[in-house]
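A.B. asks: A single structure is presented below for examination.
The values are calculated or read from the model by the stated rules, or taken from the named source; none is laboratory data. Being a predicted model, the structure only gives us computed values, none of them experimental. Positions of Cβ are generated from backbone atoms using ideal geometry, with glycine treated the same way; all protein chains shown enter the neighbour counts.
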Amino acid sequence: MEARIRARVNLALTFFALLFFVAGSSPPRQFVISNAERRIDLSSHIINVHLTLKVENAGTRPASEVVLALTPTEVDHLAMVDASAIKGKRKKTTSLRLEVKPTELPDAPPIDTKYFTIYLANPLNSGESTTLEVLYVFTHFLEPFPAEIAQSESQLVFYHDTALILSSYHIKQQTTFIKTPSTKVESFIRMEPTNRVGTEIKYGPYEDRPPYSISPIHVHFENNSPFAVVEELVQEIEISHWGNIQVTEHYKLIHAGARHKGVFSRVDYQSRQSSNGASSFRYLLARLPPRVHSVYYRDEIGNISSSHLRTDSLKSELQIEPRYPLFGGWKATFVIGYGLPLQDFLFESSDDKRYLNFTFGCPLIGMVVDKLTIKVVLPEGSTDPSPVVPFPVEHHLEL
């Protein structure tokens, strides 16, 4: 019997899925943000935004729902949102993960904004405050400009945002930091006070900004990190009664950066790789479970010998090299296969049922996955299989 679990998702580093729904009521608006600090990391094609908010209940009633505001463009490129409540100071801080769900505000002003609600573990009474840490991860957000580059040219990209943090609350003080991969910044929009030191651009501090304040900015900078995107990944997990799990992963990979123009010179590439084809990538790293065995790596032509496997008691790392380096717009298809000990992933419960505990996601590090399909092939005689995942997926059974 084959159980197929299909999901269309964006993956960055680890997999998160968002359950979209319409809230039945509008969250309370009596919050004031006394301080906000936003740090935007543009080191790779996966953008990480760390937002620290000190939220104060300036109303007269307890409140437990804090609203986040994002532009529709940000929501379209959002792969993950996570929030935690921070308690304590300095090295003695503790964090409590909080529930975050998309929502709608019926009485919101008529501007193009999408909302998420953070549900506090305990309501904030009037006059109380708490510190929240929010993480956004965006994919396919950077715009290569120019859209085509030669082999000897570096890759330049545009990042568009706002110097002021979009919020439905009054923000007393806010600061935004943007980190670029290098000091090579072609241009950026200033909004005083603005300061640039090394690879960091600082906007602010800005004081007493009313709700929904924005100030559009852009940063045009060099980013030669691999824009590696898996257009489609099909992962097959076959369970055997003979003590083994066989995993086969089919990849369709593309370099999603600035498209390569002109001819490719392997001589120049190999002799001056640091300055020639800087935005291309040759190696990929897959983090596999420990005790992996019988690893192979091949494509349509046959086995590819340019791979290296390192194992220890905690993890296994497989470094693979495609048959040719990948430049912008170039594609590659390949297959990775490996075996795993059955006892590490299959468990039996007291009600005589068996459970497969397996990581949902892509083992390649620093990869964006546009479409993921997982197929679980069960032994003959299995009955009533059902997936248990903490997010909605499309799934069906086949005999």
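A.B. asks: Can you give me the number of residues within region 176-202 that are in a strand (DSSP E or B) and not aliphatic (A, V, I, L, M)? Quick ask: steps written out before the conclusion?
C.D. replies: To start, the set of residues in region 176-202 that are in a strand (DSSP E or B) comprises 176-179, 185-188, 194-197, 200-202.
If we keep only those that are not aliphatic (A, V, I, L, M) as well, we get 176-177, 179, 186-188, 194-196, 200, 202.
Qualifying residue count, region 176-202: 11.
A.B. asks: Tell me which residues, restricted to region 196-252, are under 23 Å from residue 342 (Cβ atoms), of a type in the set (Ser, Thr, Tyr) and modelled with pLDDT under 95.
C.D. replies: 240
A.B. asks: Those residues that are crowded, with 17+ Cβ neighbours inside 10 Å, part of a strand (DSSP E or B) and not hydrophobic (A, V, I, L, M, F, W, C), I need them from region 203-219; list them, please.
C.D. replies: If the condition is that a residue be crowded, with 17+ Cβ neighbours inside 10 Å, part of a strand (DSSP E or B) and not hydrophobic (A, V, I, L, M, F, W, C), then 203, 204, 206, 209 are the ones that fit.
A.B. asks: Out of everything in region 202-226 that is hydrophobic (A, V, I, L, M, F, W, C) and closer than 17 Å to residue 156 by Cα, what residue ends up being farthest from the chain's Cα centre (by Cα)?
C.D. replies: Taking region 202-226 as the starting set, the residues that turn out to be hydrophobic (A, V, I, L, M, F, W, C) are 214, 217, 219, 221.
If we keep only those that are closer than 17 Å to residue 156 by Cα as well, we get 217, 219, 221.
Values: 217: 23, 219: 21, 221: 21 Å.
Taking the candidates together, the pick is 217.
A.B. asks: Mind listing whichever residues of region 359-382 are in contact (Cβ under 8 Å) with a residue 12 or more places away in the chain, in a loop (DSSP other than H, G, I, E, B), more than 27 Å from residue 47 (Cα to Cα) and not charged (D, E, K, R)?
C.D. replies: Matches in region 359-382: 378, 379, 382.
A.B. asks: Restricting the search to region 305-331, which residues are surrounded by 15 or more Cβ atoms within 10 Å (Cβ to Cβ) and either touching a residue at least 60 places away in the same chain (Cβ under 8 Å) or over 27 Å from residue 342 (Cα atoms) (or both)?
C.D. replies: Just the residues of region 305-331 that are surrounded by 15 or more Cβ atoms within 10 Å (Cβ to Cβ), to begin with: 307, 309, 311, 316-318, 320-322, 325-330.
Across region 305-331, the qualifying residues are 321, 322, 325, 326, 327, 328, 329, 330.
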